[in-house]
Amino acid sequence: VQLQASGGGLVQAGGSLKLSCAASGIEFNLNRMGWYRQAPGKQRELVATMTSGGSTNYADSVTGRFTISRDNAKNTVYLEMHSLKPEDTAVYYCNGGGLVSRAGNYWGQGTQVTVSS
């Protein structure tokens, strides 16, 4: 299984970024896909997940600012991030195969998002 994340970068507070994660070797259409993040000195935390049927869940801290979506034909999951804040600075990881309550076993390599104030 490979999850290849891309789209991170440096952005000013209030700006936007869109992350992409291309999956291979996984039954993409059958799996919940999601995004997690880890800031320096903190534990990895849920950002958002989405089932193949389109059900989503979000961390309270990103609700209304971030949107997860997926293209099952392209085996790709996206995370659109708007109104970014410095506290959104973290390494963002793509995840596959999880549940609402826990992450799955498949992880991408992470992409750095840095939000400057």
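The values are calculated or read from the model by the stated rules, or taken from the named source; none is laboratory data. Worth saying up front: this structure is predicted, and the values here are computed from it rather than measured. Note: accessible area is taken over every heavy atom of the protein model, side chains too, but ligands, DNA and RNA are not part of it. Shrake-Rupley method; radii C 1.70, N 1.55, O 1.52, S 1.80 Å.
Observations
- Taking a straight line from the alpha carbon of K42, not one of the lysines sits under 16 Å away once near neighbours fewer than eight places off in the same chain are left out.
- Surface listing: W35, W107 arranged by accessible area from highest to lowest gives W107, W35, probe 1.4 Å.
- Entry note, the chain: relative contact order of 35 percent, from Cα contacts under 8 Å with a spacing of 6+ residues.
- Rolling a 1.4 Å probe over the protein heavy atoms leaves L79 with an accessible area of roughly 0 Å².
- Percent of Cα-Cα distances greater than 21 Å, calculated over the chain: 28 percent
- Normalised by residue number, the volume inside the convex hull of the Cα atoms of the stretch 23-84 is 96 Å³ per residue.
- When all protein chains stay in place and ligands, DNA and RNA are ignored, the 1.4 Å accessible-area order of R65, R44, largest first, is R44, R65.
- Atom-type composition of the exposed protein surface of the chain places 46 percent of the accessible area on carbon and sulfur (1.4 angstrom probe).
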